Amino acid sequence: MANTYYTPGVYIEEVSKFPPSITAVETAIPAFIGFTQTAIVDGAEVFGKPIRISSLLEYENIFGGPQPEVNLIVTITNSETSGTRYTVSYDPADGKGLSKHIMYYSLQQFYANGGGPCWIISVGAYQEFGTPIIEQDPFMDALTELRKQDEPTLIIFPEGQNMPPDTYKTLLEAALTQCYDLKDRFVIMDIFDNGLTLKTEGEILQAAQDFRDAINSPYLSYGAAYFPNIRSTFDYAYTESTVVIVNGSAPNFGGLTSLEKANVKLAIANYSIILPPSAAVAGVYARVDNSRGVWKAPANEGLLAVSGVTCDISDQIQRNLNVDVNAGKSINAIRFFSGRGIKIWGARTLDGNSNEWRYVSVRRYFNMVEESTKKASEAFVFEPNDANTWVKVKAMIENFLINQWRSGALAGAKPEHAFYVKIGINETMTAFDILEGKMIIEIGLAVVRPAEFIVLRFSHKMQES
């Protein structure tokens, strides 16, 4: 309503001519769900509660460090030809083996590859060695708590491979359902096999098929799977007093000579920590989003702090991973290329047969635009549902999308080729919609897609001179 003036004089009125703006939401904020050494904030336990951190140091202050290994064996072999060798293994007796709790190492991998802020939900303190991770309820409760948080955009279960496949499958399907319901997050998955035993093409493809057969969610576009596992360059934490020495000057670490101790420590430091790739991939997502944009496919990107992969993927094997002719459940390969290093060599969601949601970058870009537009549009709730409001809303969205087009996220020589925004009576709404209080906006986007297959065509040319 216009102001009413009673006293003669000059009055100033500021009239807003610019539409409100849309700020793009963050796109690579993962939530890691798993076991930790502890979980204490301000002297109180926070198990089961989502906690936001921004660095590995902050993680250590709240959740502690890794679980020290207690089953390492170092075999010292003397040879006249090759000298003294130190070989590291572990005791698999009674199913103890290496620690199943790898959250700390996964966070190391995440930050080494470009990660930033993230959320941690600890489902409990480390279990005893040999205790299987079979309890599903703490993880489901963690997903319920995560649903209440607006910021996370990625969901990861670092210890998923150490669970029974049925348990991990249930968690992944629940996470995909949450992503579909909220439409602002995405699941990064590891296939069931831990990558230690897969050697032949048949074993690899069988593991892929087992994973595909297990995941039966209708919301496949909200997740992507990666394979194989990676060999991290980080060091195991271990308790020196538990290291068993074979063929050395003493059966335990404490009885070795100073030189032998130094060599044993070096051998253990060189013993690779094998991790599922999801945490490293999440770091790459963050790195690519920050340097290029969420619309850039997070592929053909090198993995850092990685010395190798647990099995080599050939073109023949990858064709069966990348394209699933039956259900379309693509699995992205991580491969070593001579002279180029270890690369993520795939950019597909699990909905690989869909022309709309085949690519990770397309799905995640739509998530970003939808969530950003939703948050900005909340300012217009209960505003008059008339042409004045429609003009403001349309201008707000168009300004945002023009900037997206200029940054390279949308394809088209001109903005009108890259997107459209429709709103209005007899265009997106009927008179009855307006009576019901509905303001309906239709947005179309021509998102850039990755050049997954580059075809070079060569032919002979006749001599002309």
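Suppose we keep only residues that are in contact with a strand residue (DSSP E or B) (Cβ under 8 Å, 6 or more places away or on another chain) and among the small types (G, A, S) within region 234-254. Which one would you say is surrounded by the most Cβ atoms within 10 Å (Cβ to Cβ)?
Only one residue fits best here, namely G248.
What are the residues in region 356-377 that are under 13 Å from S330 (Cβ atoms) and either without any contact (Cβ under 8 Å) to a residue 24 or more places away in the chain or among the basic types (K, R) (or both), if any?
Once the filter is applied, which keeps residues that are under 13 Å from S330 (Cβ atoms) and either without any contact (Cβ under 8 Å) to a residue 24 or more places away in the chain or among the basic types (K, R) (or both), region 356-377 yields R358, R363.
Hey, could you check region 365-380 for residues that are buried (at least 20 other Cβ atoms within 10 Å of the Cβ) and under 11 Å from I443 (Cβ atoms) and say which is farthest from the chain's Cα centre (by Cα)?
T373
For Q404, all conditions in the list (1) of a type outside the set (S, T, Y); (2) closer than 25 Å to V360 by Cα; (3) surrounded by 15 or more Cβ atoms within 10 Å (Cβ to Cβ); (4) without any contact (Cβ under 8 Å) to a residue 12 or more places away in the chain hold save one; what is the number of the exception?
Only one criterion is unmet by Q404, namely (4).
When you check E135 against the structure, is it charged (D, E, K, R) and assigned to a loop (DSSP other than H, G, I, E, B), yes or no?
yes
Right, M189: hydrophobic (A, V, I, L, M, F, W, C) and either within 13 Å of the chain's Cα centre (by Cα) or not assigned by TED's automatic domain parsing to the domain that holds N229 (or both) or not?
When the stated conditions are applied, M189 passes them.
For region 1-22, which positions are of a type in the set (S, T, N, Q), loosely packed, with under 10 Cβ neighbours inside 10 Å and under 21 Å from E383 (Cα atoms)?
Correct list: N3, S16.
Look at S361 and say whether it is closer than 26 Å to R348 by Cα, small (G, A, S) and in a helix (DSSP H, G or I).
yes
Those residues that are over 25 Å from P138 (Cβ atoms), in a loop (DSSP other than H, G, I, E, B) and among the hydroxyl-bearing types (S, T, Y), I need them from region 174-224; list them, please.
Selection gives T197, T200.
If I filter region 121-145 down to residues being in contact (Cβ under 8 Å) with a residue 40 or more places away in the chain and touching a Leu at 6+ places or on another chain (Cβ under 8 Å), which single residue comes out as nearest to A175 (Cα to Cα)?
L143
When you look at I317, is it touching a Leu at 6+ places or on another chain (Cβ under 8 Å), assigned to a helix (DSSP H, G or I) and over 21 Å from N113 (Cα atoms), yes or no?
Criteria met by I317.
Being among the small types (G, A, S), under 24 Å from the mean Cα position of the chain (by Cα) and exposed (fewer than 13 other Cβ atoms within 10 Å of the Cβ) is the requirement here; does S82 meet it?
Against the criterion (among the small types (G, A, S), under 24 Å from the mean Cα position of the chain (by Cα) and exposed (fewer than 13 other Cβ atoms within 10 Å of the Cβ)), S82 does not qualify.
Mind checking whether some residue in region 225-233 is crowded, with 18+ Cβ neighbours inside 10 Å and part of a loop (DSSP other than H, G, I, E, B)?
Checking region 225-233: at least one residue is crowded, with 18+ Cβ neighbours inside 10 Å and part of a loop (DSSP other than H, G, I, E, B).
If a residue must be under 22 Å from E145 (Cβ atoms) and either out of contact with any helix residue (DSSP H, G or I) (no Cβ under 8 Å at 6 or more places or on another chain) or in a loop (DSSP other than H, G, I, E, B) (or both), how many such residues does region 1-53 contain?
Number satisfying all stated conditions: 18.
Keeping to region 183-203, report how many residues are out of contact with any Phe, Trp or Tyr (no Cβ under 6 Å at 6 or more places or on another chain), within 20 Å of T310 (Cα to Cα) and at pLDDT 90 or above.
3
Can you pull out the residues in region 342-361 that are over 18 Å from the mean Cα position of the chain (by Cα) and either at pLDDT 95 or above or within 17 Å of V447 (Cα to Cα) (or both)?
The answer is S354, N355, E356.
Name the pairs: first residue in region 315-344 and in the same structural domain as S278 (by TED's automatic domain parsing) and acidic (D, E), second residue surrounded by fewer than 15 Cβ atoms within 10 Å (Cβ to Cβ) and in a loop (DSSP other than H, G, I, E, B), Cβ to Cβ under 9 Å, at least 6 apart or on different chains?
none
Can you tell me which residue is surrounded by the most Cβ atoms within 10 Å (Cβ to Cβ) among those in region 407-465 that are closer than 30 Å to F382 by Cβ and hydroxyl-bearing (S, T, Y)?
Applying the filter and picking the extreme gives T428.
The values are calculated or read from the model by the stated rules, or taken from the named source; none is laboratory data. As the structure is a computational prediction, the values presented were derived from the model and not from experiment. All Cβ positions, even for glycine, are placed from backbone atoms using ideal geometry, and neighbour counts span all protein chains on display.
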